[in-house]
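In what follows, a structure is listed as structure tokens, so that the remarks can point back to it.
Quick note: the coordinates plus some simple rules give every number you see, no bench work behind them. Everything quoted here is computed from the prediction, not taken from an experiment. Every residue, glycine among them, receives a Cβ derived from its backbone with ideal geometry; neighbour counts consider all protein chains shown.
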Amino acid sequence: MTDSQPHSRAALEQRFGRTYRWWVLVAVMIGTIASIMASTIINVAVPDMSRVFTLGQDRAQWLSAGFMAAMTVSMLTTPWLLERYGYRHTYCGAVLLLMGGGICGGLSQSFGLILAMRVAEGLAAGVLQPIPAIVILHAFARGEQGKAMGIFGFGVVLAPALGPSVGGLLVEWWGWRSIFFVVVPFCLLALVLARRYLPIAAPGGMAINRRGARIDVVGLVLIATALLTLLNGMVNLHAGDRSLALALLGGCGLTVATFILHQRRSAHPLMRLDLFEHRSFSMGGCVAFIYGMALFGSTYLVPVFMQIALHLPPSQAGAVLLPAGIVLAVTIPLAGRLADRWPVNRIVVIGLVLLALSFWLMLTVGLATALWLIALWSAIGRVGLGFVLPSLNLGSMRGLPNRSISHGSSTINFMRQLGGAAGISLVGSVLEWRLQAEQAQPLRAFHETFALIGVITACAVIAAWRMGAQPRLAVPAP
């Protein structure tokens, strides 16, 4: 791909001027908004879908865990797809898959087909989510990266912040099927913007290499097997045969060890394990995993808590979460600016402490608790999220060479989503276990689960404190 072609990076930059890099960011941001909304809006409909399909918490959590598992696996393919097909074709293909999964999921008549469409949406979301960080670290100078990440975070978080409220109204007015169609307008807008602003070239302005290395299929099969055995093993620890659960978890450990050995020997590994030799990256990966467990586990837990334990209707449960979402959207741009000035590890530590505190404050919530107080506790956690989100990627990857940014972004996102898939499965299984043990006091079961998530979040503080970031100069080429 040469710069003389009309859809190359240089030609598009000349056509749209100095603001071109911001338009590229907006273009990839819209698709990411759709993918994140698809991952979170389903939680408001879980109680309604559980009644329709007669699901327990151990099965219902697969609506989120299946999405997360698929997203986690496909995330590692993003660098290969970008190198082989370029920004535009990779991005548009993923957006089309996301939109198709939403439409087919909304029209499905069986739980099995709905779950399959959730997996399809997850595959698309996994490809989409590493792309914005790759764009920011390639296209923006170091002094603008925090600002760009903050603006990106504001846009990505604002729409999902409205998701629970919109989703709650849709479930009450038109039923659970309506929430699957929410992604469609975002996907259509993302396709229009991508056709206008995204270059065909690969990251860094490099030419597409369609004859490059083949994707590591063995690595993909191994990591998918590890995820499925992990999630099924965690579910069976309580809901099934204990010996089968231990066998599945043992198989997961063996598969992970085989995956690591294969990645070390592969000439073109799916995951670049040498990245973990950088202390900032390895510590960032630990934070991302634990943070993903807490974030996505609580995203699943909170709407279910308010509907089952507090007996709130879906619309009211979504309305309680709305102020916290707005607080998060406002916090992220401010935290992004701080990331350009303060040590990022301190910002991440502050965010994790606030997030853990918000979970523990939920232990004070009961049937008589005022809704404004629940909204306040949620807002404290969202302030914490706002501090973590812009800083984690920057702190983890600023010390990496330019050629490793694509792999670094996909790996950090992979660690976060891997933690998220494990977190949702853990929360669903623990909650089902405690609900059966505390049948007379279901509120206590939720309190115990919130306490567990708070402890998990606090464990990430040590790794966050050890996460440093060496300064790097980004090459301004998306």
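Here are the numbers for the structure shown:
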item	result
Computed FRET value (nearest 0.05) for Arg341 with Leu376, which takes r as the C-beta separation and R₀ as 35 Å	0.80
Potential extension, His268-Arg466 segment - 0.36 nm per residue separation minus Cα distance	68.3 nm
Local electrostatic count at Arg434 - Lys and Arg +1, Asp and Glu -1, tallied over other residues with Cβ under 12 Å	-2
Least to most buried among His311, His407 (fewest other Cβ within 10 Å first)	His311, His407
Ranked Leu443, Leu452, criterion: other C-beta atoms within 10 Å, fewest first	Leu443, Leu452
Ascending count of other beta-carbon atoms within 10 Å, so fewest first, for Val24, Val348	Val24, Val348
Net charge, Ile42 excluded, C-beta distance under 13 Å - Lys, Arg +1, Asp, Glu -1	0
Shape call, the stretch 247-365: gyration tensor on alpha carbons, a/c limit 1.5	oblate
Length added when fully stretched, Ile215-His311, from 0.36 nm per residue minus Cα-Cα	29.7 nm
Mean separation of Cα contacts under 8 Å (6+ apart) over length of the stretch 216-269, as relative contact order %	44
Against the rule of thumb 2.2 N^0.38 Å, how large the Cα Rg of the stretch 216-269 comes out	1.26
Proximal charge balance of Ile30 [Cβ under 13 Å; K/R count +1, D/E count -1]	+2
Residue-by-residue Karplus 3J(HN,Hα) for the stretch 294-311, coefficients 6.51, -1.76, 1.60, Hz, glycine and proline x	5, 4, 6, x, 6, 4, 6, 6, 4, x, 5, 4, 6, 8, 8, 7, 9, 6
Separation in nanometres of the label points that stand 7 Å from Cα toward Cβ, at Gln109 and Ala224	2.8
Stretch gain in nm, segment Phe53-Trp173, where the contour uses 0.36 nm per residue and the Cα spacing is subtracted	41.3 nm
